[in-house]
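Just so you know, all these numbers are worked out from the coordinates, no wet-lab data involved. Please read these numbers as outputs of a predicted model, since none were measured by experiment. Here the Cβ positions follow ideal geometry from the backbone for every residue, glycine too, while neighbour counts run over all protein chains shown.
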Amino acid sequence: MDRIPILKMGEFLLVTIQVDMQDRVALRLQDDLTERIAAVSAKGVLLDISALEMVDSFIGRMIANIAGMARVLDAETVVTGMQPAVAITLVELGLTLNGVRTALNVERGMALLRSLLQEPPAMPGEQEGSGDADDGAGW
Amino acid sequence: MDSRSTSRLPSLVEKHRSEILDAWLADQQASAALRFTLMPDAAWRAQSRDLLAAIADDMQQGDMSNPNASAWQPTRALLAEISVKRAEAGFTPSETATFVLSLKQALFGVLRRAVPDLDRLMDELWSATTLIDKFALYTTEASLAAREQVIARQQEDMLELSTPVVKLWEGILALPMIGTLDSARTQVVMESLLQRIVETGADVAIIDITGVPTVDTLVAQHLIKTVTAARLMGAECIISGVRPPIAATIVHLGVDLSGIATKATLADAFRLALRLTGRMVSQGSLRNGT
């Protein structure tokens, strides 16, 4: 059975999905990844889905779940390289991946992860970028 | 009833063709409803002659009661051509239909003289009037179809024209939206914006809705979808050009745009975009000669 490799890069885990996401592959990835995060106490996870051409509701939910679980395990998660068609599908499915950070490509995703780890983590309920009224709500 | 075998109309029309044409043209000239001046005299004459010729020819083999039969194909093609030509010349569809209907008077005159028996005459009149009515209806349909084609083409053009994605700065895209947003257009807009984000690797996209006349819940929904999709790809979206009435509408409708940065003008949005990408604009002193 196909298995998606999880690479460790310093404090981060790097997952690039290069094959068609079968339902079982996705379930296995979810188990593997959560195990690895706990085992190496990773601070960040980068999930690159640039090779994913299409998603169905199950895979969309899996991506959301994987990202959500990683966050619960205290690893910042960045999903990178989402294709336009995939983004449209996820929005139409109502899976807006709230709370998951996104970046255009792996390089920017890495930069984002690094900058996230340098910042002191925001306390729950505290507004990010507070104090500046002009700082857009969307940031 | 089989009108082909009994009707004398085909042979009569063939025999009195020039007579009918003259009477028809005279009728048309006398009729004010036809706006005879809109087209040159020769064109009228040619159109009337061609139409009568086509009808007379097709009548010889065509089934009188069924104008949709293949035997009437040349007449139908000519009618379609005439209605398009007349529409271009500025005639209304009803005027074109009246033009075809005006053939009746000339045709009936010939019938009345040639068929003395009253019952027989009624039958002939009925089949002739049914036929010409159908032709008149056909011209209306043809001009409507031509119009529909023009509308469909213009809609496509508008769809193409109305979704330019422009690059404002390195990593900043702008999408000035013009016209009413419906589902089909939003889909095109969304796709082209997301595609450009991938191509240019933009961090920020500004959707400017200055040119959108009204924003209802559906439009707001479309906007939110577009912004969310862009965010999923890792680009931040700013909505700009929100006019005061639109802001009021959005609040009255209870649309929640709280998760989306909105600005009143494109300039404000651009300033925010520059800041989000870590740039700043500073005012330098003006130098002469540059």
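A few points about this structure:
- Modelled label positions at residue B:17 and residue A:11, each set 7 Å beyond Cα in the direction of Cβ, lie 9.6 nm from each other.
- In a simple Cβ point-charge model (Lys, Arg +1; Asp, Glu -1; nothing else charged), the range B:1-145 has a dipole of about 200 debye relative to its Cα centre.
- Here the label points at residue B:145 and residue A:23, each 7 Å from Cα along the C-beta direction, are separated by 4.9 nm in the simple model.
- Leading residue at positive end of dipole, the range B:171-290 (Cβ point charges), from B:194, B:259, B:280: B:280
- Cα lying deepest toward the dipole's positive end in the range B:138-290, options B:224, B:166, B:154, charges on Cβ: B:166
- Cα-based convex hull volume of the protein assembly as shown per residue, rounded to whole Å³: 266 Å³
- Cα centre as origin, Lys/Arg/Asp/Glu Cβ charges: the protein assembly as shown dipole, Debye: 620 debye
- Cα shape, the range B:149-241, gyration tensor, a/c 1.5 rule: prolate
- Proximity of backbone amide H atoms, modeled 1.01 Å from N, is registered between residue B:205 and B:173, B:236, B:237, B:238 at under 5 Å, excluding neighbours fewer than 5 places apart on the same chain.
- Of all DSSP beta bridges in chain B, antiparallel share, percent nearest 5: 20 percent
- For the set B:15/B:85; A:43/B:167; A:8/B:225; A:43/B:263; B:167/B:263, the pairs lying more than 24 angstrom apart at their alpha carbons are B:15/B:85; A:43/B:167; A:8/B:225; A:43/B:263.
- For A:77-89, mean number of other protein chain Cβ atoms within 10 Å: 5
- On the basis of the beta-carbon distance and an R0 of 41 Å, residue B:256 and residue B:170 show a calculated FRET efficiency of 0.80.
- Magnitude of the charge dipole for the range B:206-268, about its Cα centre and with charges confined to Cβ atoms of Lys, Arg (+1) and Asp, Glu (-1), is about 40 debye.
- Helical contribution to [θ] at 222 nm, DSSP H n ≥ 4, -39,500 (n - 2.57), averaged over the protein assembly as shown, rounded to 500: -18000 deg cm²/dmol
- Inter-chain shielding of B:215-225 (mean C-beta neighbours from other protein chains, 10 Å cut-off): 1
- Here B:204, B:215 are placed in order of increasing Cβ neighbour count within 10 Å, fewest first, which gives B:215, B:204.
- Cα gyration tensor category, rounded, prolate or oblate, for the range B:239-290 with a/c compared to 1.5: oblate
- In this structure, the amide hydrogen of residue B:263, modeled 1.01 Å from its nitrogen in the peptide plane, lies closer than 5 angstrom to those of B:239, B:240, B:241, B:242, counting only residues at least 5 positions away or on a different chain.
- The mean number of partner chain beta-carbon atoms within 10 angstrom of a residue's beta-carbon across peptide A:96-107 is 4.
- Distance (nanometres) between label positions extended 7 Å along Cα→Cβ at residue B:130 and residue B:280: 8.7 nm
- Peptides B:12-23, B:92-103 ordered by packing proxy, namely the average of other Cβ atoms within 10 Å per residue, highest first: B:92-103, B:12-23.
- When you restrict to C-alpha pairs under 8 Å that are six or more residues apart and normalise by the size of chain B, the relative contact order lands at 13 percent.
- Prolate/oblate/rounded call for the range B:187-282, Cα gyration tensor, a/c under 1.5 rounded: oblate
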